[in-house]
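Engineer: This is the structure I have questions about; it appears just below.
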Amino acid sequence: MGRKNPRLYNGRPFKAALKRDLKMNKMLWLLAIPIIVYFFIFNYVPMFGLVMAFEDYKPIKGILGSQWVGLQNFKDFFMNPTFWQILRNTLMISLLDLVFAFPLGIVFALLLNEMHAIKFKKVVQTISYMPYFVSMVVMCGLIIEFCATNGIITDLCVKLFHIERQNLLMNPKYFWAINLISGIWQGLGYGSIVFVAAITNASGELHEAAAIDGANRLQRVWHITMPAIIPTISMMLILKCGMIMNVGSDKILLLYNPSVYETADVIATHVNRLGVEMAKYGYSTAVGLFNSVVGTILLLVSNWISGKMTESQLF
């Protein structure tokens, strides 16, 4: 077989196919123009700023006038004494979320699907969605109060686990658990919406036939509902894997303090502290570029693995 001509699109030369598509879908292209312009201005034009990663950037000199330092900013990051600690914290916080929070969203969606009392189901869904819409500042304020020396969570931990009474957010060994549990509380309901919608693809006829054949609820969920939502799970898992290096800094910035940098400092907070507070713009740009490149590689690899294992890919 001959090689496929890359200039052909659906059997036509690319330019001819594009011209034909523009003619047939004028209104769709007109609707797409604002979106294309938005992404070009705010997502592609700023990419010129990546040059700062290879410069000793000075705002007064600008991008074109700053001194070129090559890979020095990357070397400074990799040789930083806290590099491995920051990388470990970033990966661990993301992996904990992936291992515990992600499956819980699927389980919660399956449990909601098994509720037959419609009114009770809607109440449970509404209550589970509410924490997501609470301001991050308010939520972190509550966590700080609850985890204080005399906070309600501290009291509970002292009674149940017999730990020493202390401010939990001042002890680095508790930070990962506090971040994970609070994240599950806030995002469990909202994160299950996609899976709840995907479950509607499961065939009702198959469920009825399986019930007649004597299958119990668990068997019907495992053999009918789960296969129906595997493509959605694969897609969401690929996206999660691509975001492993992008731990949200807003919540951590509101919760952490120098006493817990050992387990709380991640790449995003490191960039914020050095880039904004210490004005090392070139260094912070280099760290951000490294983060984006690794995230892109993880996305591509997870997409390839998903295609091999489940025949379901994001792209």
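Engineer: Can you name the condition, by its number, that Ala210 falls short on among (1) at pLDDT below 85; (2) surrounded by 18 or more Cβ atoms within 10 Å (Cβ to Cβ)?
Structural biologist: (2)
Engineer: I need every pair where a residue in segment 208-224 that is without any contact (Cβ under 8 Å) to a residue 40 or more places away in the chain has its Cβ under 6 Å from the Cβ of a residue that is hydrophobic (A, V, I, L, M, F, W, C), sequence separation at least 6 or different chains.
Structural biologist: What qualifies is Arg220/Ala210; Ile224/Ala202; Ile224/Leu206.
Engineer: Hey, can you tell me all the residues within segment 113-128 that are open to solvent by less than 50 Å² (accessible area, probe 1.4 Å) and either of a type outside the set (A, V, I, L, M) or under 21 Å from the mean Cα position of the chain (by Cα) (or both)?
Structural biologist: Matches in segment 113-128: Glu114, Lys121, Gln125, Ser128.
Engineer: Here is a follow-up. Restricting to segment 62-77, count the residues that are surrounded by fewer than 13 Cβ atoms within 10 Å (Cβ to Cβ) and on the phi < 0 side of the Ramachandran plot.
Structural biologist: 6
Engineer: Being modelled with pLDDT of 90 or more, more than 29 Å from Ser234 (Cα to Cα) and aliphatic (A, V, I, L, M) is true for just one of Leu104, Leu64, Leu71. Which residue is that?
Structural biologist: Sole residue among the options that is modelled with pLDDT of 90 or more, more than 29 Å from Ser234 (Cα to Cα) and aliphatic (A, V, I, L, M): Leu71.
Engineer: If Thr90 satisfies every condition in (1) open to solvent by less than 70 Å² (accessible area, probe 1.4 Å); (2) modelled with pLDDT of 90 or more; (3) over 30 Å from Tyr283 (Cβ atoms); (4) not acidic (Asp, Glu) but one, which is the exception?
Structural biologist: Among (1) open to solvent by less than 70 Å² (accessible area, probe 1.4 Å); (2) modelled with pLDDT of 90 or more; (3) over 30 Å from Tyr283 (Cβ atoms); (4) not acidic (Asp, Glu), Thr90 violates only (3).
Engineer: I'd like to verify a number: residues in segment 165-182 that are of a type in the set (Gly, Ala, Ser), within 28 Å of Ile229 (Cβ to Cβ) and either modelled with pLDDT under 90 or surrounded by fewer than 19 Cβ atoms within 10 Å (Cβ to Cβ) (or both), how many?
Structural biologist: Residues meeting the conditions: 0.
Engineer: Continuing with this model, one more query. Do we have Asn150 as modelled with pLDDT of 90 or more, in a loop (DSSP other than H, G, I, E, B) and not β-branched (Val, Ile, Thr) here?
Structural biologist: Spelling it out, Asn150 is indeed modelled with pLDDT of 90 or more, in a loop (DSSP other than H, G, I, E, B) and not β-branched (Val, Ile, Thr).
Engineer: Another question about this same structure. Of all the residues that make up segment 181-190, how many are within 19 Å of Ile252 (Cβ to Cβ), of a type outside the set (A, V, I, L, M, F, W, C) and out of contact with any Pro (no Cβ under 6 Å at 6 or more places or on another chain)?
Structural biologist: Looking only at that region, the number is 3.
Engineer: Which condition number does Pro81 fail, the rest of (1) part of a loop (DSSP other than H, G, I, E, B); (2) modelled with pLDDT under 85; (3) of a type outside the set (D, E, K, R) being met?
Structural biologist: (2)
Engineer: Identify all residues within segment 264-315 that are surrounded by fewer than 18 Cβ atoms within 10 Å (Cβ to Cβ) and of a type in the set (Asp, Glu); write none if there are none.
Structural biologist: Glu277, Glu311
Engineer: Need at least 2 residues that are under 28 Å from Thr232 (Cβ atoms) and of a type outside the set (A, V, I, L, M, F, W, C) per element, so show me which helices (runs of 4 or more DSSP H) inside segment 161-213 make the cut, counting only ones lying wholly within it.
Structural biologist: 175-191, 204-212
Engineer: Would you confirm whether any residue within segment 45-58 is more than 26 Å from the chain's Cα centre (by Cα), open to solvent by 80 Å² or more (accessible area, probe 1.4 Å) and closer than 16 Å to Leu289 by Cβ?
Structural biologist: no
Engineer: Return the residue satisfying two criteria in turn: it lies in segment 133-147 and is open to solvent by less than 30 Å² (accessible area, probe 1.4 Å) and of a type in the set (A, V, I, L, M), and of such residues it is nearest to Gly189 (Cα to Cα).
Structural biologist: Residue satisfying both the conditions and the ranking: Met139.
The values are calculated or read from the model by the stated rules, or taken from the named source; none is laboratory data. Please read these numbers as outputs of a predicted model, since none were measured by experiment. When we count neighbours, we look across all protein chains shown, and the Cβ atoms used for this are built from the backbone with ideal geometry, even at glycine. These area figures cover heavy atoms from the full protein model, side chains too; ligands, DNA and RNA do not enter into them. Shrake-Rupley method; radii C 1.70, N 1.55, O 1.52, S 1.80 Å.
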